[in-house]
């Protein structure tokens with residue numbers, strides 16, 4: 001994989017960081033993308049000793065000009081882009097729709113959906129142009145792409161939309177050897193998921209702690225998806241804590 005290049009958004013913390021570190025370990029030259037350069041630099045420092053190279057690039061993925069600059073920097077450093085892990089995202093506390101500020105909706109849509117579109121757009125264009133042509137886009141969907149949590153309108157709506165983005169890219173990428181898949185993650189133990197270990201709202205109106213899993217399992221799954229030849233694709237994969245309240249009536 002020493003000649004393969006990956007871009008991971010939201011790579012400073014959580015799932016993105018775990019995946020980016022695993023890709024470097026597996027031999028991918030990996031661009032760690034996020035808003036906070038200091039956090040990215042700290043993550044890259046942890047990647048020393050991996051078989052691939054690591055590069056930190058600060059970028060607000062909701063801004064088209066910054067996304068274009070991100071991909072230009074990746075090509076400048078490593079020559080091409082073979083993988084985009086479209087991971088960066090944000091949520092909001094459990095709130096009824098009529099109490100959600102419009103600004104919050106715009107922020108969540110701007111990062112989770114528009115940001116994913118902008119990064120996929122840049123990746124698709126680069127993968128079409130480069131020689132040899134092709135590459136892979138993996139979108140972070142979430143189990144919220146299928147079933148909502150209470151009071152999660154902005155987050156759930158954007159994650160359902162990511163599924164549409166994945167399906168369309170998987171179709172439109174065929175003539176250019178661009179594969180697209182989606183990983184749907186349930187309760188990986190990151191800082192964002194820590195409240196689940198204490199108690200979060202349930203569908204029946206109660207507050208309950210939920211089972212979680214090590215983020216390493218997500219990283220291993222993405223590395224597997226990324227390592228497939230371009231004539232094979234994991235279109236959708238769900239990786240979840242076995243005992244989380246997802247399958248069933250909640």
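Rule-based calculations on the coordinates, nothing more; no lab input. Here the structure is a predicted model, which means the values were calculated and not measured. Neighbour counts run over all protein chains shown; Cβ positions are idealised from the backbone, glycine included.
Overview of values
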item	result
Antiparallel DSSP beta bridges within segment 5-240, percent to nearest 5	5 percent
Segment 1-93: C-alpha gyration tensor shape, a/c 1.5 cut-off, then a/b vs b/c	oblate
More than 21 Å apart - percent of Cα-Cα pairs taken over the chain	56 percent
Shape of segment 1-42, Cα gyration tensor, a/c cut at 1.5	prolate
Shape of segment 159-233, Cα gyration tensor, a/c cut at 1.5	oblate
Ordering of 83-92, 144-153, 236-245 by packing [mean C-beta count within 10 Å, highest first]	83-92, 144-153, 236-245
Label-point separation, residue 130 to residue 207 (7 Å along Cα→Cβ), nm	4.7 nm
Residue 60-residue 72 pseudo-label distance in nm [points 7 Å out on the Cα-to-Cβ vector]	1.8 nm
For segment 179-229 versus segment 34-80, the gap between their alpha-carbon centres in whole angstrom	24 Å
